[in-house]
Structure formats: structure tokens, C-alpha cells
Amino acid sequence: MLKSMVQLSTSVYLLGGLLGLFLLSPVLMAPTPASMCTPLKTLNGSLIHRRRYMKHNFPINYTIRIHHEEVFKLSSINRLRLQVEGLDELVLQRLWFQVNQGVLKKIIRVMPERHPSRQYTTELERRFRDVEGVFVQSHPAEVFQQELPETIQDTWDHLTEEPGRVPESSWRFASPKSLLDNFCRTMHCLFSECFSSTEAQQDFSLVYFQTAVLPIGGKAGRNIYVLKAETRPAG
């Protein structure tokens, strides 16, 4: 009789624990709405070609000036998760949109209208906006009005600060391709429900070869595209 009561008590305890875990899981995991998967996959389809457009169509070692918070890597996500206890995945997703909005604007800004990668990048930005629109529609308005954790709010404030007020020490230089590599890999991390592990592995290993760029004017033969210079600070 006592043995049966102990077994029953243990079963109830385990059931209660599983129920508690089930109730907490929406808060901890914050699953990506299914409606986002189609636009995310469309965006991913464009990002697959980033090597061709962000490396081969730019001068060797070309970099652009960005805010240090826009160097947003997988390690950045891990660091924020360690710094902020119980950090909601939704907050990280919101931050991802804010970061990459600025990244795409800065890449487009340095390219003249007829640069061979301009059309690709503007289309990439349009698809990014499509994903952002679905993201906003997929959550109640009050979600975006909630107070952010202090660490995240500090990052957000830095990202939205007027460029003229940003101290020189806060600027970094990065290649367009490395920025889109971060863009893609963090997307796979934060919206993992929409991507299979195979897709993520392919993204890290695929190599794309440059295709011929059609002439867009100037002298026959070699074509030169003038990019806006990003001056490094002295020292």
C-alpha cells in the first residue's frame, strides 16, 4: 500500500513538472509564426547569392563604416542571452530587424545607381521589408510597446542615434559580404523553425562563382564602378 502511494506521488510530481514545462515553453521558446516562413524562405533565396554580389562586384578588401552594434553575429546573440536572464526570443528577433535595417541602408548608400549589385541589394531590402511586415502583423500591437530589457534598450538607442552624435570610437569597418553573412546566419538562428538543418549547412558551405558583368558604359573592356569612399579614422 505504501509503495503504491509513493509511486502515485512520484507520478503526480512528474506530471506536474511536465505540465509546468509545457506552460512555460511558449515564453521560453517563442516559436516563429508559420505565416513568416514563406517570406523568410524567399529572403533566404536571395541571400544565397550574396557572395557573387557582395564580394565579386566590390574591390578587394572594400569595407563600409557601420556602428559597432551592427556587427551582429551568432556570438552577439549568445552574449545577450547570457547577460539578460530569461531573454525572450521575440526581443532578439525585434533587435535583428533593427540591426539589419541599418546594415542594408548603409550598403545601398555606397553604391551608385548603375552599380552591378545595386538592383540585387534593393530587391533584398524589399524582401526584408516583406518579412518585417508579416512579423509585425503576426503579433499583437502591445508586444511592440513593452519595455525592453536595459541591455537591449541600450543597444537599440545606439542603433537609432543620429550619425553625427555617434563618437568615432563606436564606428567599425566591415565588408558588405561579412555583414550579409551575419545577416543570414543570425536569421537561421532566430527563426530556426522555418529552416531545416540542411539549409543552414548549405549556407555555410556553398561556393558561388562570379558570372560576367555586362558593360554599363564607359570605355570598352574594363568597367570601373565608383563607390562612395568610407574614410577610416586616423590612427
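Key figures
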item	result
Conditions (1) closer than 24 Å to Thr151 by Cα; (2) touching a residue at least 60 places away in the same chain (Cβ under 8 Å); (3) among the hydrophobic types (A, V, I, L, M, F, W, C); number of the one not met by Leu82	(2)
Residues that are in contact (Cβ under 8 Å) with a residue 12 or more places away in the chain, assigned to a loop (DSSP other than H, G, I, E, B) and closer than 23 Å to Thr32 by Cα, drawn from segment 141-193	Leu148, Pro149, Phe191
Pairs where the first residue, in segment 99-115, is farther than 15 Å from Ser175 by Cβ and in contact (Cβ under 8 Å) with a residue 24 or more places away in the chain and the second is of a type in the set (A, V, I, L, M) and open to solvent by less than 10 Å² (accessible area, probe 1.4 Å), C-beta under 8 Å, 6+ apart	Gly102/Ile66
Of all residues making up segment 56-75, the number that are surrounded by fewer than 19 Cβ atoms within 10 Å (Cβ to Cβ) and part of a helix (DSSP H, G or I)	4
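The values are calculated or read from the model by the stated rules, or taken from the named source; none is laboratory data. Model, not experiment: these values are computed from the prediction. In this analysis, Cβ positions are derived from the backbone assuming ideal geometry, glycine residues included, and neighbour counts consider all displayed protein chains. These area figures cover heavy atoms from the full protein model, side chains too; ligands, DNA and RNA do not enter into them. Shrake-Rupley method; radii C 1.70, N 1.55, O 1.52, S 1.80 Å.
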